[in-house]
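Working notes, structure below.
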Amino acid sequence: SILPNVLTISGNAVTNVGTRQTIEAVDGYFDNGVQLVYDTTANKVVAIYRRGGGNNLYSAVGTVTGSSTNTISWATPVNVASGEMSEAGAAYDPDTNRVIATRRGAGNTLDAYIGTVSGTSISWGSNSQILASNGGYHEICYDTENQKVVVVYKDNNGDIVAKVGTITGGSTNSISWG
């Protein structure tokens, strides 16, 4: 099961830990952890994770209630992509108000999906392949200065490689890779 907590931080200390709230009560492979991003426009937390029993990429939108309760309520999880996978990544683009989810799939492909939060739901665009094969462990971040997505991964030679992507805003949920 996936059971995140909401924390209150004051200075360098955690001053209040809220009750754990279940995203999903399923058996699963959460070995690479749940990736969390905060959508500053929608004021929502988005969880990106590998769901067991098929290893599909899933997401859920959470609403935080602060103050003394420190709780989070989760909307119904949404399937981002089906198929075998081994790890997930996530970032948030404040310039286009988009969530970026990545996964390493079968054959060590690296794929990206762009999502838009509306209320307590999220809608995802189609797969944008970062790499067709031989992509190892990866990390993702958003560069606010250059308004670009950066994915860093390990290739078959053991080298660290980076790809840069540009998100298209407006009515599309797409990304192009350089």
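Quick rundown of the values:
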{"item": "Top-ranked residue in segment 94-105 [being under 16 Å from residue 61 (Cα atoms) and in contact with a Phe, Trp or Tyr (Cβ under 9 Å, 6 or more places away or on another chain); ranked as most open to solvent (accessible area, probe 1.4 Å)]", "result": "98"}
{"item": "Segment 114-129: number of residues that are within 14 Å of residue 60 (Cα to Cα) and open to solvent by 10 Å² or more (accessible area, probe 1.4 Å)", "result": "9"}
{"item": "Residue under evaluation residue 106, criteria (1) over 17 Å from the mean Cα position of the chain (by Cα); (2) in contact (Cβ under 8 Å) with a residue 24 or more places away in the chain, criterion not met", "result": "(2)"}
{"item": "Residues being in contact (Cβ under 8 Å) with a residue 40 or more places away in the chain and under 14 Å from the mean Cα position of the chain (by Cα) - total across segment 111-120", "result": "6"}
{"item": "Residue under evaluation residue 3, criteria (1) modelled with pLDDT of 90 or more; (2) surrounded by fewer than 21 Cβ atoms within 10 Å (Cβ to Cβ), criterion not met", "result": "(1)"}
{"item": "Pairs where the first residue, in segment 162-178, is modelled with pLDDT under 85 and the second is polar (S, T, N, Q), C-beta under 7 Å, 6+ apart", "result": "169/96"}
{"item": "Hits in segment 61-97 (condition: in a loop (DSSP other than H, G, I, E, B) and closer than 20 Å to residue 140 by Cβ)", "result": "83, 84, 94, 95, 96, 97"}
{"item": "Residue 38 crowded, with 21+ Cβ neighbours inside 10 Å, aromatic (Phe, Trp, Tyr) and in contact with a strand residue (DSSP E or B) (Cβ under 7 Å, 6 or more places away or on another chain)", "result": "no"}
{"item": "Given (1) under 25 Å from residue 55 (Cβ atoms); (2) out of contact with any strand residue (DSSP E or B) (no Cβ under 8 Å at 6 or more places or on another chain), index of the condition residue 137 fails", "result": "(2)"}
{"item": "Spans of strands (runs of 3 or more DSSP E) in segment 105-178 with at least 1 residues farther than 19 Å from residue 86 by Cα", "result": "110-118, 121-124, 138-143, 148-154, 160-168, 174-177"}
{"item": "Test for residue 136: is it in contact (Cβ under 8 Å) with a residue 24 or more places away in the chain and open to solvent by less than 50 Å² (accessible area, probe 1.4 Å)", "result": "yes"}
{"item": "Subset of segment 139-172 (residues that are touching a Gly at 6+ places or on another chain (Cβ under 6 Å) and either among the basic types (Lys, Arg) or open to solvent by less than 60 Å² (accessible area, probe 1.4 Å) (or both))", "result": "140, 149, 153, 154"}
{"item": "Number of the condition not met by residue 62 [criteria: (1) modelled with pLDDT under 95; (2) closer than 28 Å to residue 178 by Cβ]", "result": "(2)"}
{"item": "Condition check for residue 70: at negative phi and more than 18 Å from the chain's Cα centre (by Cα)", "result": "no"}
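The values are calculated or read from the model by the stated rules, or taken from the named source; none is laboratory data. The structure displayed is predicted, hence computed values, not measured ones. As a convention, Cβ positions derive from the backbone with ideal geometry for all residues, glycine included, and neighbour counts pool all protein chains shown. Areas reflect the complete protein model, heavy atoms only, side chains present, ligands, DNA and RNA absent. Shrake-Rupley method; radii C 1.70, N 1.55, O 1.52, S 1.80 Å.
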